Amino acid sequence: MKVKRAVVLSGGGARGAYEAGVLRYVLEELPRRLGRAPHFDVICGTSVGALHACFLAATAGQGPHVGSRLADLWRSFKIGEVLPVSARELLRWPRRLVGLARVGSELRSDQPPDRLYGLFNTEALERIVLRSIPWSEIRRNIVAGRVEALSVTATQISTGRAFVFIENRDGPVEAWPRDRSVVAQAARILPLHALASAAIPMLFPAVRIGSSYYADGGLRLNTPILPAMRLGADRVLVIGLQYRPTPEEEEARIPQIVEAYGNPLFLFGKVLNAILLDHVSADLRRMQLVNEILTDGRELYGPDFLDRINALSMRKRGHRLRLIDDLLIRPSEDLGMMAGRLINDGRVDVRLSPFLRLFLRSFGTSTSESDLLSYLLFDAAYAAPLVELGFNDARAQEERFLRFFSDEPMRDRGEGGARCAETSSRGSGG
């Protein structure tokens with residue numbers, strides 16, 4: 001049976017440069033060892049990962065150079081151009097915060113706004129997104145079979161539900177039963193879907209699609225493993241954007257964290273981490289738990305256990321359960337600490353917006369980490385090291401990548417990987 005592979009791309013603002021580095025390795029260097037171009041049947045993305053997912057779907061089959069193209073895009077960023085904030089706009093912020101109630105009158109008008117409030121003007125970022133991805137090629141590649149399905153997840157503001165917009169060759173998408181908080185919807189994926197998925201709450205404006213407004217998909221489904229499973233993947237590559245410290249490292253950070261507790265920048269960064277980054281491990285553990293149940297059931301009740309339980313699952317839930325291999329790549333360094341070191345190092349010329357300069361001057365950087373800035377530093381000074389880190393972390397796990405893209409079973413199930421990459425036991429689909 002043909003193995004169906006998926007890549008799952010998560011969110012994290014400017015941290016996405018790390019993701020670009022991993023993808024550069026997969027697209028550009030891995031083919032030299034693999035002997036062919038790696039292929040993903042299913043591509044799923046949320047937030048900045050949605051932008052990368054659309055890029056992958058649009059450039060499928062164009063050759064290994066697209067990996068460098070994506071990395072070079074990140075290395076070209078200048079924060080003053082990507083997120084410009086003039087002094088006049090900065091002075092208007094307090095009035096905008098106080099005047100949020102007036103938004104309601106705009107929504108009730110005959111022409112509701114296309115964007116719904118955000119501290120930053122993202123027009124420049126949107127222009128980059130529009131010109132960097134050949135959007136019309138997404139449909140062509142799906143029709144040609146180069147990609148089987150593309151999904152982009154965004155959060156509907158009015159209901160709080162995660163909408164998984166899916167473009168595939170067949171068009172119709174079956175409803176996903178027993179999970180009212182996640183809605184699958186067939187769509188022709190457009191820039192609006194990706195921009196809505198990447199709209200970090202409060203910082204970037206929500207995007208109107210049809211009559212509804214959508215914000216960052218990471219609010220409900222930051223690591224879109226569920227869509228990959230529901231779209232039939234047998235193997236899932238997950239790129240996470242959060243470093244996992246050792247217990248000793250966590251203990252050593254406690255004094256610094258207590259000291260920084262009164263810093264609004266520090267606290268907001270931690271809130272964003274909790275909302276946008278902390279889901280991946282929980283999602284994988286849930287997937288692996290179901291897998292262990294299926295594996296134990298087969299061992300206890302015989303080889304036909306999975307067929308028997310699937311007969312019941314089809315009658316009750318309308319879908320089958322199956323075993324899924326997963327490969328997780330995560331940073332070998334803390335991306336928040338990398339941002340903090342960059343700002344604290346006076347020798348590095350980072351072209352900061354007035355907003356960032358004002359906040360750094362007002363609140364300082366009392367610790368070596370700066371999670372909030374790690375979401376906003378769309379600048380080559382920060383992006384270039386992240387691209388390099390992602391590339392090296394992926395290359396360090398080359399043997400696992402070779403097994404992932406082979407047609408042979410991934411045999412090292414149950415083996416824990418290094419901190420920059422993990423190969424779990426098998427996950428479960430449903």
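Computed packing ranks the peptides 311-317, 154-160, 184-190 as 154-160, 184-190, 311-317, most packed first, by mean other Cβ atoms within 10 Å. At a 1.4 Å probe, what is the % contribution of carbon and sulfur to the accessible area of the stretch 139-231? Of the solvent-accessible surface of the stretch 139-231, carbon and sulfur hold 49 percent. Of the whole protein surface, residue 122 contributes about 10 Å² of accessible area at a 1.4 Å probe radius. For the stretch 125-194, a simple Cβ point-charge model (Lys and Arg +1, Asp and Glu -1, everything else neutral) yields a dipole of about 140 debye relative to the Cα centre. Summing Cβ point charges (Lys, Arg +1; Asp, Glu -1) relative to the Cα centre of the stretch 8-86 gives a dipole of roughly 180 debye.
Semi-axis lengths, largest first, of the ellipsoid equivalent to the stretch 108-247 are 24, 20, 17 Å, with √(5λ) applied to each eigenvalue of the Cα gyration tensor.
Distances between placed amide hydrogens fall under 5 Å for residue 209 paired with 214, all partners being 5 or more residues away or on another chain. Extension gain for residue 344-residue 131 works out to 73.3 nm (0.36 nm per residue, less the C-alpha to C-alpha distance). Taking the empirical scaling 2.2 N^0.38 Å for compact globular proteins as reference, the stretch 1-58 has a Cα radius of gyration ratio of 1.16.
Spin-label pair residue 202-residue 32: with each label point 7 Å from Cα along the Cα-Cβ axis, the two points sit 4.5 nm from one another.
All distinct Cα pairs of the stretch 194-244 go into the 1/r average, and the inverse of that average, the Kirkwood radius, is 12.7 Å.
The values are calculated or read from the model by the stated rules, or taken from the named source; none is laboratory data. Source: prediction; values computed, not measured. In this analysis, Cβ positions are derived from the backbone assuming ideal geometry, glycine residues included, and neighbour counts consider all displayed protein chains. Only protein heavy atoms, including side chains, enter the accessible area calculation; ligands, DNA and RNA are left aside. Shrake-Rupley method; radii C 1.70, N 1.55, O 1.52, S 1.80 Å.
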